[in-house]
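Shown next, in structure tokens, is the structure this report addresses.
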Amino acid sequence: MSSSDTTTMRSSSGSATATRRPQGGQTAPRPAPRGGRRVKLMVSRVDPFSVMKVGFLVSVALGIALVVMTGVMWALFSAMGVFDSVNDLAGQIIGDGSGQDFDVMDFLGFGRVMALSIVVAVVDVFLLTAIATLGAFLYNIVASLVGGVHMTLTDD
């Protein structure tokens with residue numbers, strides 16, 4: 001052994017692989033923690049640009065979901081005969097002898113409904129992105145006044 005009582009193990013290739021310290025009682029092994037570590041943190045600032053990016057992606061996902069949901073709901077209503085029932089009800093209210101033809105599909109056709117839902121989704125993307133970014137700026141202002149949000153995180 002060397003004079004410092006440190007043993008180095010060598011592999012068959014000759015390189016050092018591990019160093020073993022003597023167990024002469026210099027350091028006692030630490031007991032394993034009973035629960036997880038608890039760390040108290042404070043969110044004092046959020047980056048508005050990163051909030052804008054995340055807000056944009058979330059709002060695009062919500063816009064796509066809105067368009068898909070609108071198409072599914074329209075197909076479901078059409079298959080259930082809701083539009084035919086509305087046409088029958090309108091015919092009873094207007095009266096068949098009045099000479100006026102009413103068809104709800106002139107107003108609620110698939111193309112018209114989908115075009116309107118796409119327009120709403122695009123406007124929604126811009127508004128939600130702007131609101132998220134504005135919210136980040138407002139949070140930074142309020143956090144500078146009151147100190148931010150305190151939270152405790154645990155490691156399980």
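The values are calculated or read from the model by the stated rules, or taken from the named source; none is laboratory data. What you see is a predicted model, and the numbers here were worked out from it, not measured in a lab. Backbone-built Cβ (ideal geometry, glycine too); neighbour counts: all protein chains shown.
Note down all Cβ pairs under 8 Å where the first residue falls in region 57-85 and is assigned to a helix (DSSP H, G or I), the second is among the acidic types (Asp, Glu), and they're at least six residues apart or on different chains.
Ser59/Asp124; Leu62/Asp124; Gly63/Asp124; Leu66/Asp124
Which residue, of Leu153, Leu134, Leu145, Leu138, is of a type in the set (A, V, I, L, M), in contact (Cβ under 8 Å) with a residue 40 or more places away in the chain and under 26 Å from Pro48 (Cβ atoms)?
On the way: Leu134 fails: in contact (Cβ under 8 Å) with a residue 40 or more places away in the chain; Leu145 fails: in contact (Cβ under 8 Å) with a residue 40 or more places away in the chain; Leu138 fails: in contact (Cβ under 8 Å) with a residue 40 or more places away in the chain.
One residue alone meets the criteria, Leu153.
Go through region 138-156 residue by residue and tally those that are over 23 Å from Arg38 (Cβ atoms) and surrounded by 14 or more Cβ atoms within 10 Å (Cβ to Cβ).
Residues in region 138-156 being over 23 Å from Arg38 (Cβ atoms) and surrounded by 14 or more Cβ atoms within 10 Å (Cβ to Cβ): 2 in total.
Among the residues of region 86-117, write down those that are among the aliphatic types (A, V, I, L, M), surrounded by 10 or more Cβ atoms within 10 Å (Cβ to Cβ) and not in a loop (DSSP other than H, G, I, E, B).
Val86, Leu89, Ala90, Ile94, Val104, Met105, Val113, Met114, Ala115, Leu116
If we keep just the residues of region 39-89 that are closer than 30 Å to His150 by Cβ and charged (D, E, K, R), which is nearest to the chain's Cα centre (by Cα)?
Lys53
Return yes or no: is Val46 surrounded by 13 or more Cβ atoms within 10 Å (Cβ to Cβ), outside any helix (DSSP H, G or I) and either of a type in the set (Val, Ile, Thr) or at pLDDT 95 or above (or both)?
On the way: surrounded by 13 or more Cβ atoms within 10 Å (Cβ to Cβ): yes; outside any helix (DSSP H, G or I): yes; either of a type in the set (Val, Ile, Thr) or at pLDDT 95 or above (or both): yes.
Yes.
Please go through (1) small (Gly, Ala, Ser); (2) within 18 Å of Phe56 (Cβ to Cβ); (3) exposed (fewer than 12 other Cβ atoms within 10 Å of the Cβ) for Ala130 and return the number of the only condition it doesn't satisfy.
Only one criterion is unmet by Ala130, namely (3).
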